1. Give just the number: which of (1) open to solvent by less than 40 Å² (accessible area, probe 1.4 Å); (2) out of contact with any helix residue (DSSP H, G or I) (no Cβ under 6 Å at 6 or more places or on another chain); (3) of a type in the set (S, T, Y) does Y161 not satisfy?
2. Go through (1) outside any helix (DSSP H, G or I); (2) surrounded by fewer than 20 Cβ atoms within 10 Å (Cβ to Cβ) for V117 and report which single condition fails.
3. Out of everything in the stretch 33-84 that is among the aromatic types (F, W, Y) and assigned to a helix (DSSP H, G or I), what residue ends up being nearest to the chain's Cα centre (by Cα)?
4. Which of the residues that make up the stretch 78-114 are open to solvent by 50 Å² or more (accessible area, probe 1.4 Å), free of Cβ contacts under 8 Å to residues at least 24 places away in the same chain and farther than 18 Å from L51 by Cα?
5. Among the residues of the stretch 11-32, which ones are assigned to a helix (DSSP H, G or I) and free of Cβ contacts under 8 Å to residues at least 24 places away in the same chain?
6. Return the total of residues in the stretch 120-136 being free of Cβ contacts under 8 Å to residues at least 40 places away in the same chain and open to solvent by 30 Å² or more (accessible area, probe 1.4 Å).
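The values are calculated or read from the model by the stated rules, or taken from the named source; none is laboratory data. All figures in this text were calculated on a predicted structure; none of them were measured in a lab. In this analysis, Cβ positions are derived from the backbone assuming ideal geometry, glycine residues included, and neighbour counts consider all displayed protein chains. For accessibility, only protein heavy atoms count, side chains too; no ligands or nucleic acids. Shrake-Rupley method; radii C 1.70, N 1.55, O 1.52, S 1.80 Å.
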Amino acid sequence: MSVSADWSWQRVALAGMRDALSLPAWVVGFGLVGIGSLARDVGYPVEVAVLSTMLVWAGPSQVIFFASIAAGAAWSAIAIAIGFASLRFLPMTVAILPLLRRPGQSIWIQLALSHYVAVTAWTEGLRRLPGVPPPQRVAYFLGFANTCMVVSSIGTFSGYYLVNALPIPFAAGLLCLTPIFFLVSLAAGIRHRGDIAAMALGLVLAPICDRFIGGGFDLIVAGVIAGSIAFLIGRKRGRAA
């Protein structure tokens, strides 16, 4: 949905909500159904499952959290594991904040916006925010991201009580919806050769790094290598232009 510069912030936020409900919110919501099932399996109440979605807001990190609890891991080890798993959000936040930053904006607002940076909100934000007038972007992003979070919380709540009704392969398959949508959104947002190179190299290097590096650092190494090469390609193209 196109956003006009003269719209009120309420109307802009509503536009973000409508765009989220057009598909993205449902994808991430269904993807977190398995989190509710996992939380119930380890004996945690539904409130903790939903709260983990609102506070952690990252399916893989939530899986690590509840799976580590089930395995009897120490809390310090769980915290370190989740911290490493969440490192991928740092470059994502650095990439999207320039689109949301406004003159005079406080650091607290930027930190609050950073909390909403997850795979779906990030990919869709990078694709949609450039078409939104700069003064309207924060309201649009918050409307979009909060809608995704609410639908995801409902999905987590539903999964908690559907644990006995969902076949295990189906529940596990729901977790794959988000990365599939992530790839589709990235492909839709391709603008130049650097984007193509980043996606192609990432897909090639990810399984190689997983095989020879692993330990939670495979995606970081693959991302650094693929992103650096893609950056050089993009810079070379810019100089040629």
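1. (1)
2. (2)
3. F84
4. I80, L90, V94, P98, R101, P103, G104, I107, W108, L111 - these are the residues of the stretch 78-114 that are open to solvent by 50 Å² or more (accessible area, probe 1.4 Å), free of Cβ contacts under 8 Å to residues at least 24 places away in the same chain and farther than 18 Å from L51 by Cα.
5. Passing the criteria: R11, R18.
6. 3
Here's the yes/no breakdown for (1) in a helix (DSSP H, G or I); (2) within 24 Å of G36 (Cβ to Cβ); (3) modelled with pLDDT of 85 or more; (4) basic (K, R):
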site	(1), (2), (3), (4)
V150	yes, yes, yes, no
S153	yes, yes, yes, no
P169	yes, yes, no, no
G173	yes, yes, no, no
I196	yes, no, no, no
I233	yes, no, no, no
